[in-house]
Structures are given as structure tokens and as C-alpha cells.
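Visitor: My questions all concern the structure below.
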Amino acid sequence: MTEQDVTSPTHHEHVDLLVIGWGKGGKTLAGTMARAGRRVAVVEQSEAMIGGSCINIACIPTKILVHDAENRRESDDVDAYFARAVTRRDTLTGAMRRKNFSMLDSLDSVLLVSGRAEFTGEREVLVTGGDDTLRITADTVVVNTGSVATVPNIDGAALGGRIHDSKTLQHVTPFPRRLVVVGGGYIGLEFGSMFAHFGARVTVLDRGPRPLRQEDDDVAEVVASALADDGVTIVSGAAVTAVADGADHATVTYVADGESTDVEADAVLLAVGRTPATKDLGLDRAGIASDDRGFITVDEQLRTSAEGVYAFGDVNGGPMFTYISLDDNRILADQLLGEGRRSTADRGSVPYTMFLTPPVSRVGLTEKEAREQGYDVRVGAKLMADIAAAPRAKIEGDPRGIVKFVVDGATDLVLGAALVHVHSQEVINTVALAMRHGVTATELRDTIYTHPSATEALNEVLGTLR
Ligand SMILES: Cc1cc2nc3c(=O)[nH]c(=O)nc-3n(C[C@H](O)[C@H](O)[C@H](O)COP(=O)(O)OP(=O)(O)OC[C@H]3O[C@@H](n4cnc5c(N)ncnc54)[C@H](O)[C@@H]3O)c2cc1C
């Protein structure tokens, strides 16, 4: 698989649309614009990243591994089973990479450029690939360079050896019997849960006062207890002070309740957040403003401070999800080819899922947030195991979880929901759609759902609002 290599130093291309980075929003817009007859260039710095993070190192590969981890039986050999899962991960992501390449390569007016782009002026970049360079100018530029794992400013915390980020841990070898995760956010917990299912003993060191601090207490307790059942120990209020790799194992030192503790690990995952990939982009040379963390500043139509330059996806500091990058593309496509009405302000009720076992899905406000905002709050909540008329979770052998709805008593509209159960990543989309379109809690309660499904829990739980 080769992209068009960058050519001689003096070579110059002018295009209607230049996309820097093969992210979700940028690649989608590139295809749309090319099909509409525009000349488009897409620049990607790494052949291994064709198609972007989602298919190569993030959503898809991690969910393949989560799926396989959940299906491991006690009798399976841990090392061989993990190695097979990694092979399946690589095979599937390789196929998706090839498909992503051909989807754009097959369009005549798309120029695929292999190399690293940096701005040299207004809507002008220099792409460097090996010894070659190419200058590209464009009427419209989309910066879609994504983000990278943040390496925390902790003594000894440098990637390499037994110290990993979410990308390198997916190919860790040998399989770590003891994994220490620094950071209890969604990436840390997803990997913690996944590695526990593969057979590791997992310790998550989290600064927060309790796991899942963004959720209500009752929801967080259910999730923490499922993680504990599965072999994940979460240490809350833990400030990691040092990470050291050694001959036989790594050691992570943390302070909790004023006491310093060392914990040994065969692998350490640093999962303390993401940093925008803007460091060497030369934003200043193009007049593109960014905030103090490097995120590109955009308005509601994703315009940067530079005329004709837009930023999509993780790099613009919005919610870091593939479907947000995809929606960013819709906003600019509407400006370039449509009526220019779409904006980020239209995005009410954006759901998300943490792919734990069972998955944790949320949309809208928690009960605590709704009370703080002064709503006349009504709550319906039931443990999954106690819901009589939704046997899907029991059928699939994991009846753990909770369904919780927060409703505005004044309007009967759903303010938010937390769904922790098998298939919650699907059900949450129905709830989000209902919220977006003003479907009331009573209508959701009285709707006909398929049986046996996880969605039918809504019939019963929304009947318990008080
Ligand atoms: C472990 C993990 C799991 C995740 N799971 C999920 C999930 O389940 N669901 C979900 O919705 N989101 C998930 N995310 C988040 C999701 O992956 C990101 O929000 C999404 O991929 C962001 O895409 P993007 O469009 O910003 O750009 P990306 O897809 O990150 O693409 C940016 C591209 O730009 C390239 N690039 C960078 N700089 C340059 C340059 N100077 N020149 C040329 N090319 C450059 C990079 O190589 C990269 O290919 C996960 C993230 C991680 C880390």
C-alpha cells in the first residue's frame, strides 16, 4: 500500500480542500468533496495510520480486544489466547486500513500525500516525507491531526520497556500478569477491565475521590462493584509520584491518605488524558490560534482564527469521540456544499459509552447535576437484576448493572440517563434520540419494544419515576 510520495522540493500543488491528518471527519469530507468534483489533498504522516486513530489504534482495535477478552474461558491458556486476540485485531484493522485507502484512492480528484505537514503560511503547508517535500496551498484547509496520549510529568514516566500508552499496550508481550493503570478515566478503566478479563491482576491508581466521579453515587457503585468482581482493584485518591522500570518488573509509587506505597507491575499503562497533535504544526505561521494546552480554538462552525481554516476532531478540544469528528465533517460540508446552517450548538444530548463489562453508557445530566440546576427532578432507577421484564441480560449471563433515568417533573422530558448493562451502547442511542426530539418519559415508558431486548427495561424503569 503506497500513497503518492511527496516529490521535489519545488513541487507545488493547489487544491480546493486540503485535509491534514487522516481523521474521521477529514476523510469523510474529502470523499464528499471529491465526489462533488472538487480537487482534494489528504496528507497523512504514517502509513500505519491510514484511516486515522479509530480504526488503527483506538475504537475498533480496543473493542475487538474487549470482545475477545469477555469471551475467554477459564480453561484458555492466557498467553496463547491473548496472542490470538491480537492477531485477530491486526487482521481486522489491516483490512479496514486497506479499505480506507481504496475509498479515497479510487476517487480521481483526490491526491493522497504521504508525509508530515506543517504550516508555512496562510493556507499553505510543506509536507515532508523522507528527503522529499511538497508545498500545498488550498482554498480551504481542515486540520484533523487528532491527539496523542499525554505522558504525565511524573518521575520516571517515559514510554518504553514496561511503560505503555493505550497504543503500545495493545501489542504488549509477554502478556502482563500484573497490570498497573495510572488514571481512572474511560481509557484507563476500559483497558483495566479488558486486561482483567484476559487474565491479568489489575490495579488502577486514580486521583479522584471515588471511581467514576462524573456519575451519581448509585451508578458509580454498581460499576465499581462489577470491576471489583472481575479482578480490578481501584485505588482512589492516589497520587502517583514515581514510575520505575527494572530488570524483572516495573514499580509504581503512589501516595494515598498520606502514605506512600509501591506496587509492582509487569506492565504499566499511562492513561492520564490526551494531548492535541499540534506541537510541530506551525500554527503561528498560519495565524491559527490555540489555547494554553495546544487545542485549536474554533467557533460553533469550526472556523479557526485563520480565514478558510477549520479544525475537526480531537484537535479542536471538543468531546473526544469518533462520532464527534464525523459530525464536525457534517458542519463544514453544510457550509461548503449546503446551506451553512449546521453548528456545534445543534448537538444536544450527545451519548457516550465506556466499554466495560457490562458497558456503561450515558447521555445528558446526572441526578446530581439536574438537582444543582434547579430542576423538579424525578428519578427512576432499578438494578438490572431486579428488572422483571427485561431478561436479555440474564439470557446473556451477565445480569449486572443499573438503569437510571432523570426526568424533569415540570415537562416530563428526559434530562439524562445512565445505562449500565449488556447492549447499553445500543440502547443509549434510542434514549438520546428521544431526548433530542422531545419524546417524553411517559411516551418512552409506553412504547412497544422488541422482546427479549435490553431496551424493554425502559417500560419498567420509567414506571418507577418518583
Ligand atoms: C484507546 C482509545 C479508545 C477509544 N475508543 C473510542 C470508542 O470506542 N469510540 C469513540 O467514539 N472514540 C473512541 N476513542 C476516541 C477516538 O479514537 C478519537 O476521538 C478519534 O479517533 C479522533 O479522530 P480525529 O478525527 O480527531 O483524528 P485521528 O483519527 O486521530 O487522525 C489524526 C491523524 O492525523 C495524523 N497526523 C497528525 N499530525 C500530522 C501531521 N502533522 N501531518 C500529517 N498527518 C498528521 C495522525 O497520524 C492521524 O492519523 C478512543 C481513543 C483511544 C485513544
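The values are calculated or read from the model by the stated rules, or taken from the named source; none is laboratory data. Model, not experiment: these values are computed from the prediction. Reconstructed Cβ throughout: ideal geometry from the backbone, glycine too, with neighbour counts over all protein chains shown. We work out accessible area using only protein heavy atoms, side chains counted, and drop any ligands, DNA or RNA first. Shrake-Rupley method; radii C 1.70, N 1.55, O 1.52, S 1.80 Å.
Visitor: Is the range 163-272 best put as rounded, prolate or oblate by its Cα gyration tensor, with a ≥ b ≥ c the root eigenvalues, rounded for a/c under 1.5, and otherwise prolate when a/b is larger than b/c, oblate when not?
Guide: Oblate, since a/c reaches 1.5 and b/c is not below a/b.
Visitor: Divide, for the chain, the radius of gyration over alpha carbons by 2.2 N^0.38 Å, where N is the residue count.
Guide: In units of the 2.2 N^0.38 Å rule of thumb, it is 1.04.
Visitor: Just round it to a whole percent: the fraction of Cα-Cα distances in the range 130-219 exceeding 21 Å.
Guide: Value for the range 130-219 (Cα pairs over 21 Å): 49 percent.
Visitor: Under 5 Å between amide hydrogens, which residues at least 5 positions from Val181 or on another chain qualify, with H placed 1.01 Å from N in the peptide plane?
Guide: For Val181, the qualifying residues are Thr203, Val204, Leu205, Leu269.
Visitor: A follow-up question, please. At 0.36 nm per residue, and after removing the present C-alpha to C-alpha distance, how many nm does the segment from Asp280 to Asp132 gain when stretched out fully?
Guide: Here the answer is 51.5 nm.
Visitor: Continuing with the same structure: Relative to the present Cα-Cα distance, how much length would full extension add between Asp77 and Asp217 at 0.36 nm per residue of separation?
Guide: 46.7 nm
Visitor: Ranked from highest to lowest mean number of other Cβ atoms within 10 Å per residue, what is the order of the peptides 62-70, 440-448?
Guide: The densest-packed peptide leads the list: 62-70, 440-448.
Visitor: Once the Cα atoms of helix 24-35 and of the chain are each reduced to a long axis, what angle between those two axes, in degrees from 0 to 90 to the nearest 10, is obtained?
Guide: Long axis of 24-35 versus the principal axis of the chain: about 50 degrees.
Visitor: Would you please name the GluC sites (Glu not before Pro) within the range 301-382 that are DSSP coil residues with at most 15 other C-beta atoms within 10 Å of their C-beta?
Guide: Those that pass, being in a loop and sparsely packed, are Glu307, Glu339.
Visitor: Suppose each label sits 7 Å from its Cα in the direction of the beta carbon; what would the Glu300-Glu264 distance come out to in nanometres?
Guide: 5.8 nm
Visitor: Report ³J(HN,Hα) in whole Hz for each residue of the range 398-408, in order, from the Karplus equation J = 6.51 cos²θ - 1.76 cosθ + 1.60 where θ = phi - 60°; Gly and Pro get x.
Guide: In residue order, the calculated couplings are 9, x, 6, x, 8, 10, 9, 10, 10, 10, 7 Hz.
Visitor: Let me ask you something else. Tell me whether the range 316-412 comes out rounded, prolate or oblate; compute the Cα gyration tensor, take square roots of the eigenvalues as a ≥ b ≥ c, and use a/c under 1.5 as the rounded threshold.
Guide: oblate
Visitor: With just the Cα atoms defining each centre, how far is the range 259-307 from the range 404-466? Give it in Å.
Guide: Between the Cα centres of the range 259-307 and the range 404-466 lies a distance of 35 Å.
Visitor: Taking the Cβ-Cβ separation of Glu47 and Thr440 as r and a Förster radius of 56 Å, what is the calculated FRET efficiency to the nearest 0.05?
Guide: 0.65
Visitor: Also, I was wondering about something else. Hey, can you grab everything whose amide H is under 5 Å from the amide H of Ala238? Only 5+ residues off in sequence or another chain; H modelled, so Pro and N-termini drop out.
Guide: Asp206, Arg207, Gly208
Visitor: Would you mind checking the tilt of helix 59-70 against the longest principal axis of the Cα atoms of the chain, expressed as 0 to 90 degrees and rounded to 10?
Guide: For helix 59-70, the angle is close to 30 degrees.
Visitor: Give me a comma-separated list of calculated 3J(HN,Hα) values for the range 191-198, in order, Karplus coefficients 6.51, -1.76, 1.60 applied at θ = phi - 60°, integers in Hz, x for any Gly or Pro.
Guide: Karplus-based 3J(HN,Hα) across the range 191-198 equals 5, x, 4, 4, 5, 5, 5, 6 Hz.
Visitor: Which Cα, out of Ala244, His171, Ala228, lies furthest along the positive dipole direction of the range 163-272 (beta carbon charges, K/R +1, D/E -1)?
Guide: His171
Visitor: Could you tell me what percent of the accessible area of the chain is made up of carbon and sulfur, with a 1.4 Å probe and every protein chain present?
Guide: Within the chain, the accessible surface is 49 percent carbon and sulfur.
Visitor: Still on this model: Report the normalised scattering of the range 352-464 as log10 I(q)/I(0) at q = 0.22 Å⁻¹, calculated by the Debye formula with identical scatterers on the alpha carbons.
Guide: Taken in order of the listed q values, log10 I(q)/I(0) reads -1.22.
Visitor: Identify the residues of the range 126-145 with backbone N under 20 Å of a label point that sits 7 angstrom from the Cα of Arg35 along the Cα-to-Cβ direction, or state none.
Guide: Within reach of a label on Arg35: 142.
Visitor: Another question, then. Hey, with R₀ at 51 Å, roughly what FRET efficiency would Asp386 and Asp291 work out to, going by the Cβ-Cβ distance, to 0.05?
Guide: 0.65
Visitor: Next question, about the same structure. Going by average Cβ density within 10 Å per residue, which order do the peptides 23-31, 183-191 take, highest to lowest?
Guide: Packing order, densest peptide first, comes out as 23-31, 183-191.
Visitor: For the cross-link pairs Lys63/Lys394; Lys368/Lys394; Lys24/Lys63; Lys167/Lys404; Lys167/Lys394; Lys24/Lys167, which exceed 27 Å when the distance is taken from alpha carbon to alpha carbon?
Guide: Violating the 27 Å limit, Cα to Cα: Lys368/Lys394; Lys167/Lys404; Lys167/Lys394.
Visitor: With +1 on the Cβ of every Lys and Arg and -1 on the Cβ of every Asp and Glu, and nothing else charged, how large is the dipole of the range 163-272 about its Cα centre, in debye rounded to the nearest 20?
Guide: It works out to roughly 340 debye.
Visitor: If I take R0 = 25 Å and measure r between the Cβ atoms of Leu159 and Glu118 in this structure, what FRET efficiency does the formula 1/(1 + (r/R0)^6) give, to the nearest 0.05?
Guide: 0.60
Visitor: Place a +1 charge on the Cβ of each Lys and Arg in the chain and a -1 charge on the Cβ of each Asp and Glu, then give the dipole magnitude about the Cα centre in debye, rounded to the nearest 20.
Guide: About 740 debye.
Visitor: Can you tell me the orientation of helix 322-337 relative to the chain, as the angle in degrees between its alpha-carbon axis and the longest Cα principal axis, to the nearest 10?
Guide: Approximately 40 degrees, to the nearest 10.
Visitor: To continue, here is another question. Report, in whole Å, the centroid distance computed from the Cα atoms of the range 352-390 and the range 36-111.
Guide: Result: 32 Å between the Cα centres.
Visitor: So, one more: Where both residues lie in the range 30-145, what percent of DSSP beta bridges are antiparallel, nearest 5?
Guide: If I count the DSSP bridges inside the range 30-145, around 70 percent turn out antiparallel.
Visitor: Between Asp139 and Thr233, with labels modelled 7 Å along Cα→Cβ, what's the label distance in nm to one decimal, could you check?
Guide: Result: 6.2 nm between the two label points.
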